[in-house]
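What follows draws every value from the coordinates through simple rules; no lab data is involved. Owing to the predicted nature of the structure, the values given are computational and were not obtained by experimental measurement. Backbone-built Cβ (ideal geometry, glycine too); neighbour counts: all protein chains shown.
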Amino acid sequence: MSEEYQYPPIPSRAQKRQEWDAQRIRALRLHMRMTQQQMANELAVRQQTISEWETGIHRPHRSTQKTLSMVAEQAGFVYETDGERTADPDG
């Protein structure tokens, strides 16, 4: 008999939400050479919201995280952590 296929583990909701943490958001903004105000305008949020995300006070909502992922992909943003190279934070 052949070996049974093992499905890859499904990340928990908490793990998925942690994809767009403060450092990654700031790195994306800097990659795009934007001020907090410019990024806020692009995402239709307040500049204070961008600041709160970047300092870890708050995290973006799931829908905003999806938007961040799309923006990152369009910008060719690659984020590396601990030797891990991530081009698509939702992937």
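Based on other C-beta atoms within 10 Å, arrange Y79, Y7 from fewest to most.
Y7, Y79
For the pair M70/R33, report the inter-label distance in nm, with labels modelled 7 Å from Cα in the Cβ direction.
For the pair M70/R33, the computed spacing is 2.5 nm.
Around I50, what is the net charge, scoring Lys/Arg as +1 and Asp/Glu as -1 over all other residues with Cβ under 15 Å from its Cβ?
Taking every other residue near I50 into account, the sum is +2.
Starting with the fewest neighbours, write out T67, T55 ranked by other beta-carbon atoms found within 10 Å of each beta-carbon.
By the 10 Å Cβ count, ascending, the order reads T55, T67.
If we sort 19-30, 39-50 on the protection proxy, mean other Cβ atoms within 10 Å, highest first, what's the order?
Answer by packing, highest mean first, reads 19-30, 39-50.
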